[in-house]
Amino acid sequence: MNTQTIRRALTTPAMVPERGERLKTNLDTDLLKLIAIVSMLIDHVGGAFFPEVGAFRWIGRLAFPIFCYCMTVGLLYTRDIVRYLGRLAVFAAISQPFYMLAFHPRDWMIDRNWANWNIFFTLFLSLLAMYGFKERKWWLFGLAFFAVCWWNFDYSGIGVQLMLIFFLCRNHPRIGAALYVLTYLPALWTGYPEDPLCLTLGGLTVDWSFFAVFAALLIFVPAHTGIKIPKWFFYAFYPVHLAVIAILQFVL
């Protein structure tokens with residue numbers, strides 16, 4: 001390694017993507033993460049305490065695509081993908097008992113079934129697959145994609161699909177937005193009238209997953225709020241809020 005290369009490595013800011021990879025979408029990721037965790041909290045409160053009220057779950061549909069987008073930004077900007085993946089894996093393991101207590105207590109305490117995995121596992125495998133895609137390690141992409149689709153993970157392979165859209169259209173936000181909307185468009189006519197979480201408009205029943213389409217406005221329209229929040233807050237929020245939900249359910 002010559003002197004010029006060393007100087008470039010030392011003076012280049014950490015979190016700067018490779019040439020040509022700078023996203024032309026919303027880089028205000030702290031704002032997006034804040035919106036995502038509030039949306040997720042509303043979703044989980046609805047799922048735990050108001051399961052028949054669709055509005056909670058509709059708002060909650062914003063969270064997952066925003067998390068996938070923020071991970072795509074992280075994939076392009078981080079200098080240490082192994083550490084990034086490691087944080088996701090650690091918090092996935094930490095969160096699992098609280099997730100089971102909050103949403104699947106019988107499965108864990110009576111049936112000893114841990115087959116319902118929290119969203120951090122889905123995000124970990126989705127990011128791992130995308131790392132394989134970015135680095136053209138096709139075996140890694142295929143293995144991680146197979147794992148997230150085959151086992152009982154929340155959202156299954158949709159995370160990889162969304163991240164592929166965000167990654168491949170990073171310099172073409174209009175195309176990315178169109179593909180994103182098309183992903184959720186079938187939900188307009190695939191809802192079940194007997195499902196209380198679906199929205200019925202006249203003779204049309206909209207599946208509740210359709211409400212994720214509104215995240216496009218947050219993802220593809222740049223914002224510059226300047227909000228800065230410690231990254232550990234976002235990681236810690238997940239197991240902490242699950243623990244609070246579990247305790248409230250036990251008390252109530």
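The values are calculated or read from the model by the stated rules, or taken from the named source; none is laboratory data. In this text, all values refer to a predicted model and were calculated from it rather than measured experimentally. Using ideal geometry, Cβ is built from the backbone for each residue, glycine included, and neighbour counts are taken over all protein chains shown. Surface areas here come from the heavy atoms of the whole protein model, side chains and all, with no ligands, DNA or RNA. Shrake-Rupley method; radii C 1.70, N 1.55, O 1.52, S 1.80 Å.
Picking from residues in the stretch 51-88 that are among the charged types (D, E, K, R) and not in a loop (DSSP other than H, G, I, E, B), the one that is nearest to T200 (Cα to Cα) is R57.
Which of the numbered conditions does L185 fail, given that it passes all the others? Conditions: (1) on the phi > 0 side of the Ramachandran plot; (2) touching a residue at least 12 places away in the same chain (Cβ under 8 Å); (3) not small (G, A, S). Every listed condition holds for L185 apart from (1).
When the residues of the stretch 142-157 are filtered to those that are among the hydrophobic types (A, V, I, L, M, F, W, C) and open to solvent by less than 40 Å² (accessible area, probe 1.4 Å), which remaining residue is nearest to R61 (Cα to Cα)? Taking the candidates together, the pick is F153.
When the stretch 201-214 is filtered for residues that are open to solvent by 40 Å² or more (accessible area, probe 1.4 Å) and either outside any helix (DSSP H, G or I) or under 21 Å from L31 (Cα atoms) (or both), the ones remaining, listed by number, are L201, G202, G203, L204, F214. If the condition is being open to solvent by 30 Å² or more (accessible area, probe 1.4 Å) and over 18 Å from the mean Cα position of the chain (by Cα), then the stretch 231-252 contributes V244, I247, L248, Q249, F250, V251, L252.
Looking at A177, is it closer than 15 Å to L85 by Cβ, in a helix (DSSP H, G or I) and of a type in the set (G, A, S)? When the stated conditions are applied, A177 does not pass them. Restricting to the stretch 4-35, count the residues that are modelled with pLDDT of 95 or more, over 19 Å from P173 (Cβ atoms) and not charged (D, E, K, R). Of the residues in that region, 1 qualify.
Summed over the stretch 215-231, residues that are assigned to a helix (DSSP H, G or I) and more than 14 Å from P65 (Cβ to Cβ) total 1. For the stretch 172-190, the set of residues classified as farther than 17 Å from T72 by Cα, out of contact with any strand residue (DSSP E or B) (no Cβ under 8 Å at 6 or more places or on another chain) and open to solvent by less than 40 Å² (accessible area, probe 1.4 Å) consists of T183, Y184, listed by residue number. In the set C198, C169, only one residue is over 26 Å from G47 (Cβ atoms) and open to solvent by less than 50 Å² (accessible area, probe 1.4 Å); that residue is C169.
Flag set for M130, criterion: in a helix (DSSP H, G or I) and either at pLDDT 95 or above or in contact with a Cys (Cβ under 7 Å, 6 or more places away or on another chain) (or both).
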